[in-house]
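Please treat every number below as a calculation from the coordinates, not as lab data. A quick note: this is a predicted structure, and the numbers were derived from the prediction, not measured. Positions of Cβ are backbone-derived with ideal geometry, glycine not excepted, and every protein chain shown enters the neighbour counts.
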Ligand code: ARE
Ligand code: CA
């Protein structure tokens, strides 16, 4: 399940957090397809609890009520249209699968699709799940049934994560319902899943459930293709449960990655040490890893948050993202956020008066408005997604550093990046590994049809080139590749 199932030549996904299906379909056609993105991680598509206090927080989507495909992002018809239109332009859809639990709390209510539920009596008629489908006192020994001690593997997996009713995934009926939900999505044409709260499920239960999944839809994928699965496991070390218990099943989310890169680009750890970035920093194997600078939780202090770079610190954020996309390690994901008031980290997506999610408005210059940040559309980031596609398969070579915060490296003979994280000027001649010629710097501008709107770099017959980057630049990076030769 570790193969991302991207269309040929595509290697990065973006999380369009809380976007509507109609907007994602358009974004695939007008932007993600043409720019070479592999796919989109979408917010959970299944019916969730309508939370009104606080008013419609983003996190209500992590409180399942049923597996009907009706949420604020859209209904099943819109979901099907999105999957079809994105696949048609070679962009995959990866579903955030919330399968560890259902909503918790005492009060009964109705979900985003109108289905009733009653957590007090453990009744979810929309699935249906009933009292015997959840872990209880026999499986979880904490007084209130919730998780308190991450030092106990049993507690983390059999008790309630923040009070959410914990599904008994060892039971055949529950496995069948969960696999049935995932197979419904596969039949529609999704490429795989981000598995929410994987750490809170026993590896053997996940192996069993994934074993029940169908191959991907042959309308879009070669026959016999298994779904891509990446499991959300927060592992910074020091707990009972680690990534290695899951990396044999599918990929795992690598949370160390963004924390460590934030330290470097905040000038708390010299960039020269990035020379051996990857497994040697205590991270899982590259082929088991999904990497990112921030995610929807840790950008707002949830889910082990704190310390990561986000769009708010745009200069450093771009530099870290450029490094990530240039470096061979891991399968890369770009966060695409909505802005929120930092004091209210529960705030949901931009919405209209009736609380429906706002359309994503794109201006003439390609930037988003109305509260949608669209990091994936920032020129420096988009162009590095293209860089990664061009250099894929080559290894890191021609490493250079100044012993401090200025670094450079090539990807084989296909691409070269120079990063000046020092705050003082860089001016030096480096061996790039690239064939001689004039290249477009895809950080300062865009390349199309032999023309470059940014600065250009000439590489001599000896493969050397002169690089100058001001210490006060807002974009102190130069990146060139053989797909952008002038
Ligand atoms: C909300 C309220 C709670 C309330 C609950 C039930 O905030 O106060 O009790 O509802 O009514 C998201 C939000 C939660 C939210 C939940 C449900 O972040 O605040 O609860 O939705 O609406 C652990 C898990 C990890 C999980 C993080 C958040 O291991 O899997 O917590 N991340 C995923 C998603 C989240 C989502 C959920 C899971 C739930 O990405 O967006 O929660 O579906 C250490 C440990 C980590 C631990 C972390 C935080 O770092 O190593 O394992 O992460 O602490 O506790
Ligand atoms: Ca569990």
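Here are the numbers:
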| read-out | value |
| --- | --- |
| Inter-label distance for residue 239 and residue 394, nm, one decimal - labels placed 7 Å from Cα along Cα-to-Cβ | 3.8 |
| Angle between the chain longest axis and helix 314-326 axis [Cα atoms, degrees, rounded to 10] | 90 |
| Theoretical FRET efficiency, 1/(1+(r/R0)^6), r = Cβ-Cβ of residue 468 and residue 280, R0 30 Å, to 0.05 | 0.45 |
| The chain: calculated mean residue ellipticity at 222 nm from DSSP helix runs of at least 4, using -39500 (n - 2.57) | -5500 deg cm²/dmol |
| Packing-based exposure ordering (other Cβ within 10 Å, fewest first) of 417, 482, 293, 188 | 482, 188, 417, 293 |
| Antiparallel DSSP beta bridges within the chain, percent to nearest 5 | 60 |
| Those residues of the stretch 360-402 whose amide nitrogen sits under 19 Å from the label point placed on residue 313, 7 Å along Cα→Cβ | 375-376, 381 |
| Sites residue 345 and residue 404 - FRET efficiency at Förster radius 35 Å, r taken between beta-carbons, to 0.05 | 0.50 |
| Length added when fully stretched, residue 29-residue 204, from 0.36 nm per residue minus Cα-Cα | 59.1 nm |
| On Cα atoms only, tilt of 379-391 relative to the major axis of the chain in degrees | 80 |
| Cα long-axis angle, helix 76-88 against the chain (0 to 90 degrees, to the nearest 10) | 30 |
| Burial ordering of 35, 20, fewest other beta-carbon atoms within 10 Å first | 35, 20 |
| Least to most buried among 162, 390, 442 (fewest other Cβ within 10 Å first) | 162, 390, 442 |
| Nearest-0.05 FRET efficiency for residue 425 and residue 121, computed from C-beta distance (R0 60 Å) | 0.30 |
| Amide N proximity, the stretch 112-150 versus residue 355 label position 7 Å along Cα-to-Cβ, cut-off under 13 Å | 112-114 |
